[in-house]
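In what follows, a single structure is set out as structure tokens and then discussed.
The values are calculated or read from the model by the stated rules, or taken from the named source; none is laboratory data. From a predicted model like this one, the values you see are computed outputs, not experimental measurements. Here the Cβ positions follow ideal geometry from the backbone for every residue, glycine too, while neighbour counts run over all protein chains shown.
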Amino acid sequence: MIQPLIYGLITASFIVLASCGDRDLGSPITEIDDTFIDSLFIDYNNEDSPGAALMIIKDGKSVFSKGYGLANLEDDLHVENETNFRLASVTKQFTAMCVMILINRDELSFESSLTDIFSNFPAYGNTITIRQILNHTSGLLDYESLIPTNVIEQVTDQDVYFLMLEQNSTYFIPGTDYRYSNTGYALLAMIIENISKKSFAQFLEDNIFSTLGMNESIAYQNGISIVSDRAYGYSKNGNVYNRDDQSLTSAVLGDGGIYTSLHDMFYWDQNLYTNQLVEFELLNEAFTSGKLSNGNSTGYGFGWRIDTYLFRKRFHHTGSTRGFRNVFMKFPDQQISILILTNRNSGTPFNIAEKIADYMFDAK
């Protein structure tokens, strides 16, 4: 079945795609040329610069896994399979899973509104539902644009919640449009805390990380938790890389605060083919495009972008924050996943992931 395109995107390529629904796509390659893959990471594979970690998963096995460059320039520590990177917005699929776990337990509903959950939330939250927040159709105002200019301490998810209590409007009527919202996922973290009576970090640990064997993964809180085998983020100034690891919003966890490794992400990837955390019917909703009130599809599920590439169904998400750029790309029908984690403010890991997909599917 051809997945809906992002709302408003109507191109000639869609016509071609629709006409090729029965195309014989063949089988992915069975052996990987290490030299070719390494050539894609030549800019990362240096002894004096921040690097990257790559894993290619096929049919339930890691068929390629390698680190390039350094995780910590100051201590000359190389990137390994166990190196933990900040996921940035790839975190959102974990936040969404936490919500689905609560729904699976009948402790929450997709149609619950913000005012159902928070009694003191302003009236504009009456019509904003959990589903809309997950799908980025809530219209919630961007918290980063609302942070006072004199704030110097890191903002938290709770601070985002308090900022929303001070508002009285949204960008649009909830459900009528799509606008990517970090605010929404910060509020989801607070909803998880409100319902579960646990911190978001603890809920993740108890219900996802420990369950799946992701033993080194963590929602990082500066001064509270420690990231083992940590990759630090860097930005380039002239010819020199400077550690540039934390920003004013780095303590907001729900939209981007998880640290994890290739090693642990393998378990997360494989879980997504099972009902270990939630029932299949519920899990499938995460990979189903949201719809606007006029019936148009958004191309976004719950923490996943949904489209097609090389005539194949694709789920993916990028993550970009201070010092990190990442991508997680899945081709579920072929059981192929590509994960790239990097600890620098430059580079295009999404483009590299697509080149790997081209190679895996022998696209000419």
Fill in the blank from the handout: Given (1) closer than 24 Å to Q158 by Cα; (2) without any contact (Cβ under 8 Å) to a residue 60 or more places away in the chain; (3) in contact with a Ser or Thr (Cβ under 7 Å, 6 or more places away or on another chain), N242 misses just (1)
Handout entry: Total residues in the range 83-111, condition surrounded by fewer than 21 Cβ atoms within 10 Å (Cβ to Cβ), among the charged types (D, E, K, R) and in contact (Cβ under 8 Å) with a residue 60 or more places away in the chain
Key = 1
Practice task
Can you give me the number of residues within the range 124-156 that are in contact (Cβ under 8 Å) with a residue 12 or more places away in the chain, more than 19 Å from M100 (Cα to Cα), in a helix (DSSP H, G or I) and of a type outside the set (V, I, T)?
Solution key: 5
Practice task
Of all residues in the range 112-123, count the ones that are touching a residue at least 40 places away in the same chain (Cβ under 8 Å), surrounded by fewer than 18 Cβ atoms within 10 Å (Cβ to Cβ) and closer than 19 Å to N135 by Cβ.
Solution key: 1
Exercise for the section: Go through the residues of the range 263-282 one by one and say whether even a single one is crowded, with 18+ Cβ neighbours inside 10 Å, farther than 25 Å from N207 by Cβ and either at pLDDT 95 or above or in contact with a helix residue (DSSP H, G or I) (Cβ under 7 Å, 6 or more places away or on another chain) (or both). Expected result: no
Exercise for the section: Give the residues of the range 176-208 that are crowded, with 24+ Cβ neighbours inside 10 Å, under 16 Å from M100 (Cβ atoms) and of a type in the set (S, T, Y), sorted by residue number. Expected result: Y185
Handout entry: Pairs, first within 17 Å of T156 (Cβ to Cβ) in the range 250-269, second acidic (D, E), C-beta under 7 Å, six or more apart
Key = V252/D157; L253/D157; G254/D157
Practice task
Could you pull out the residue among S119, S89 that is of a type in the set (S, T, Y) and assigned to a loop (DSSP other than H, G, I, E, B)?
Solution key: S119
